Amino acid sequence: MRLPYVPNPPEDLTPSEEEIVQRVLARRGDRGLIPLDRALLHSPPVADGWNSLLGAIRTKTSLPADLREMAICRVALINEAWYEWTHHAPLLLEAEGFTEEMLKVIRRLDQSEGRGQLSEKQWVVLRYADAMTRSVKVEDALFEELSSVAGFTDKEIVELTATVATYNCVSRFLVALDVGEMNGKASE
């Protein structure tokens with residue numbers, strides 16, 4: 001990492017900073033503080049906000065695990081955030097019905113080969129994550145597909161958009177600081 005990680009456990013904390021660390025630890029469970037947390041905790045208020053947002057995105061939306069993890073993995077792949085990829089690709093493969101063959105479609109940066117075994121809904125999610133990540137702007141026709149073809153509700157569109165946006169933030173933080181020392185180490 002480009003900065004030193006904060007000690008584990010963090011030292012010399014104020015009572016309010018200790019409360020922040022405890023909230024992060026509560027969300028992480030048995031894993032304890034991960035390198036991302038130990039980078040963020042250079043600024044406890046940032047770590048606290050991050051923890052709250054990521055907790056909501058990861059555990060409080062109505063998106064099925066396959067769609068959420070597909071979006072996260074696609075952002076990680078496009079942005080070459082290999083630390084993010086190595087944490088979320090296994091979660092994607094654990095999602096009900098998701099296969100290695102489907103993961104190969106996610107790994108392809110060129111969409112011209114088509115959707116393979118992805119469902120229509122999964123294919124729209126992949127293309128939406130691509131548009132948001134690569135150009136930020138989403139063409140009207142693709143946005144229309146979210147509800148008219150894939151059947152997403154307004155709530156699900158907001159949750160999907162927030163997931164892609166949030167993990168673009170995560171990937172940029174990870175890559176800029178080389179959290180987990182994975183820059184330049186493409187996933188297998």
Local electrostatic count, GLY32, Cβ distance below 14 Å [Lys/Arg +1, Asp/Glu -1]
+3
Calculate what fraction, in whole %, of the accessible area of the range 86-188 sits on carbon and sulfur atoms when a 1.4 Å probe is rolled over the protein chains.
53 percent
Between the range 1-70 and the range 125-187, how far is it from one alpha carbon centroid to the other, in angstrom?
21 Å
Percent RCO, i.e. relative contact order, over the chain, from Cα pairs under 8 Å lying at least 6 residues apart:
29 percent
Determine the per residue accessible area of the chain with all protein chains present and a 1.4 angstrom probe, expressed in square angstrom.
51 Å²
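Counting alpha carbon pairs within less than 8 Å and at least 6 residues apart, what relative contact order, in whole percent, applies to the range 1-112?
Values: 69 pairs, mean separation 22.2, N = 112.
Rounded, it is 20 percent for the range 1-112.
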Out of [x] 123; [y] 189; [z] 141, which label holds the value of volume of the Cα convex hull per residue in Å³ that was computed here?
[x]
With every protein chain in place, the accessible area of SER16 for a 1.4 Å probe, in Å² rounded to the nearest 10, comes to 70 Å²
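Lys and Arg at +1, Asp and Glu at -1: add these up for the other residues within a Cβ distance under 13 Å of GLY151 and post the number. Numbers along the way, then the final one.
On the way: positive: LYS121, LYS155; negative: GLU120, GLU144, GLU145, ASP154, GLU156.
Counting the neighbours of GLY151, the net charge comes to -3.
Starting from the range 1-68, pick out the GluC sites (Glu not before Pro) whose DSSP state is loop and whose Cβ has at most 15 other Cβ atoms within 10 Å. Show your work: numbers first, answer last.
Working: sites: GLU11, GLU17, GLU18, GLU19; in loops: GLU11.
Sites meeting the loop and neighbour criteria: GLU11.
Can you give me the relative contact order of the range 50-102 as a percent, contacts being Cα pairs under 8 Å and 6 or more apart?
On the way: 26 pairs, mean separation 17.7, N = 53.
For the range 50-102, the relative contact order is 33 percent.
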Measure nothing fancy, just the Cα-based angle from helix 15-28's long axis to the longest principal axis of the chain, in degrees from 0 to 90, nearest 10.
40 degrees
Ranked highest first by average number of other Cβ atoms within 10 Å, how do 127-135, 139-147 line up?
127-135, 139-147
Straight-line reach check, LYS60, cutoff 22 Å on alpha carbons, 8 or more apart in-chain or any other chain, hits among lysines -> LYS121, LYS155
With a 1.4 Å probe and all protein chains left in place, how much of the accessible area of the range 29-74 comes from carbon and sulfur atoms, in whole percent?
55 percent
Highest average packing first - 93-101, 149-157, 69-77, Cβ atoms within 10 Å:
69-77, 149-157, 93-101
Compare the peptides 42-49, 110-117, 59-66 by average per-residue count of other Cβ atoms within 10 angstrom and give them in order, highest first.
42-49, 59-66, 110-117
Per DSSP H run of at least 4 residues, take -39500 (n - 2.57); add these up for the chain, divide by its residues and hand me the 222 nm value, nearest 500 deg cm²/dmol.
-20000 deg cm²/dmol
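The values are calculated or read from the model by the stated rules, or taken from the named source; none is laboratory data. Bear in mind that the values here come from a model prediction, so they are computed numbers and not experimental data. Neighbour counts are summed over all protein chains in view; Cβ atoms, including those assigned to glycine, are modelled from backbone coordinates with ideal geometry. In case anyone asks, the SASA skips ligands and DNA or RNA and just uses the protein heavy atoms, side chains included. Shrake-Rupley method; radii C 1.70, N 1.55, O 1.52, S 1.80 Å.
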